[in-house]
Amino acid sequence: MISVFGSANMDLVAYVSQAPKRGETVTGREFRTVPGGKGANQAIAAARAGTPVSFLGAVGDDGFGTEMRATLAEAGVDVERLRRVPGPSGIAHIVVDDAGGNSIIVVPGANGTVTGLTDEDRAVIAASQALLLQLELPMEAVVAAARAGRAADVPVILTPAPAQPLPDELLDAVTVLVPNEHEAAAITGVTDPDAAADALLKRVPEVLITLGSEGALYASRSGERLREPAVRVKAVDTTAAGDTFVGAFAVARAQGRAPAECLRFASAAAALSVQREGASTSMPTRAEIEDFLA
Ligand code: RIB
């Protein structure tokens, strides 16, 4: 079982030829509400990729919260530890352009109320094969979860997004850090991915840098360094491609696959997700990933 401690947002998505500039009004072609949030996305991606998943976080007592809980449960995610708190759920205001690129504003809502772990949360984390974290919950809670994972010898896989300063006490508890190229540059101050990986390996044992259309770079302190090219597909919406990649990578890793195989599995999952619109609507099943790889 994999546990994911993270955010759930209702994504409010406008599809438009080109995102508006400041002060400009443009007409979009479509609007959708899609359950998302980096935490919930990773949980759904991992569940569809073929492993039991427990999701720890919070939604509000509004209709969005009810819908997000139902979407997670439908994907097979255990939502026993998903709190329902008074007030609005988190939302993400997303603009997707015709090239499949996006810009996102997140308003945390209920996610912002998660400031720590309950004893039950700790028990779920301790029983996991991996703990997935991102940075859309308050930092104190993310640090507490990472330390709980570390204390129980559970591999902690952190996506450092949205980018922000990372306290030492967090990095000290991380096993695999999965930044994109921009986050890696922001953390290390260097733009070359190999140099950024070298710098990050001084802080964590394993690094996986996602490079968009250039694929991904994996490096470990034990000396492995792998470059996985991106699979060439036509992207219609890249929202949650990174979350899909991490969820699938974590599943393959928890199943004991070698890093090269984990990368191939994760890249295939991400390639499938960018060909579909939305966050939770875009993640492939294990059968789809295996067909694609075959
Ligand atoms: O990573 C994509 C996610 O970022 C979206 O689903 C949105 O909710 C924001 O959290």
Within the range 58-94, of all residues that are aliphatic (A, V, I, L, M) and within 12 Å of the ligand (Cβ to nearest atom), the one nearest to Ile2 (Cα to Cα) is Met68
Residue ID - farthest from Ala127 (Cα to Cα), chosen from residues in the range 1-27 that are polar (S, T, N, Q) and crowded, with 24+ Cβ neighbours inside 10 Å:
Asn9
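Condition check ((1) within 11 Å of the ligand (Cβ to nearest atom); (2) within 11 Å of the chain's Cα centre (by Cα)) across all residues:
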{"position": "Thr239", "(1), (2)": "yes, yes"}
{"position": "Glu277", "(1), (2)": "no, no"}
{"position": "Thr281", "(1), (2)": "yes, no"}
{"position": "Glu290", "(1), (2)": "no, no"}
Within 16 Å of the ligand (Cβ to nearest atom), charged (D, E, K, R) and modelled with pLDDT of 95 or more - does that describe any residue in the range 114-123?
no
If we ask which residues in the range 46-60 are of a type in the set (Gly, Ala, Ser) and either farther than 19 Å from Ile125 by Cβ or touching a His at 6+ places or on another chain (Cβ under 8 Å) (or both), their number turns out to be 3
Would the range 159-174 turn up any residue that is under 17 Å from Val246 (Cα atoms) and not in a loop (DSSP other than H, G, I, E, B)?
no
Which numbered condition in (1) surrounded by 22 or more Cβ atoms within 10 Å (Cβ to Cβ); (2) more than 22 Å from Ser280 (Cα to Cα); (3) within 17 Å of the chain's Cα centre (by Cα) is the only one that Met139 fails?
(1)
Among the residues of the range 27-45, write down those that are within 12 Å of the ligand (Cβ to nearest atom) and β-branched (Val, Ile, Thr).
Thr33, Val34, Ile44
Please list, ordered by residue number, the strands (runs of 3 or more DSSP E) wholly in the range 28-87 having 3 or more residues that are small (Gly, Ala, Ser) and surrounded by fewer than 24 Cβ atoms within 10 Å (Cβ to Cβ).
none
Go through the range 11-26 and count every residue that is part of a strand (DSSP E or B) and either more than 8 Å from the ligand (Cβ to nearest atom) or out of contact with any strand residue (DSSP E or B) (no Cβ under 8 Å at 6 or more places or on another chain) (or both).
4
Based on what the data block shows, is Gly242 touching a Leu at 6+ places or on another chain (Cβ under 8 Å) and under 15 Å from Lys38 (Cα atoms)?
no
Among the residues of the range 100-113, is any more than 16 Å from the ligand (Cβ to nearest atom), modelled with pLDDT of 95 or more and part of a helix (DSSP H, G or I)?
yes
Heads up, the strands (runs of 3 or more DSSP E) in the range 199-262 (entirely inside) with at least 3 residues that are at pLDDT 95 or above and buried (at least 24 other Cβ atoms within 10 Å of the Cβ) are 206-210
Any residue that is out of contact with any Lys or Arg (no Cβ under 6 Å at 6 or more places or on another chain) and within 16 Å of the ligand (Cβ to nearest atom) - is there at least one of those in the range 188-201?
no
Selection from the range 175-198 of residues under 20 Å from Lys38 (Cα atoms) and not in a helix (DSSP H, G or I) yields Thr175, Val176, Leu177, Val178, Pro179, Asn180
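The values are calculated or read from the model by the stated rules, or taken from the named source; none is laboratory data. Note that the coordinates shown come from a computational prediction; the quantities given were computed from them, not determined experimentally. Here Cβ is always computed from backbone atoms with ideal geometry, including for glycine, and neighbour counts include all displayed protein chains.
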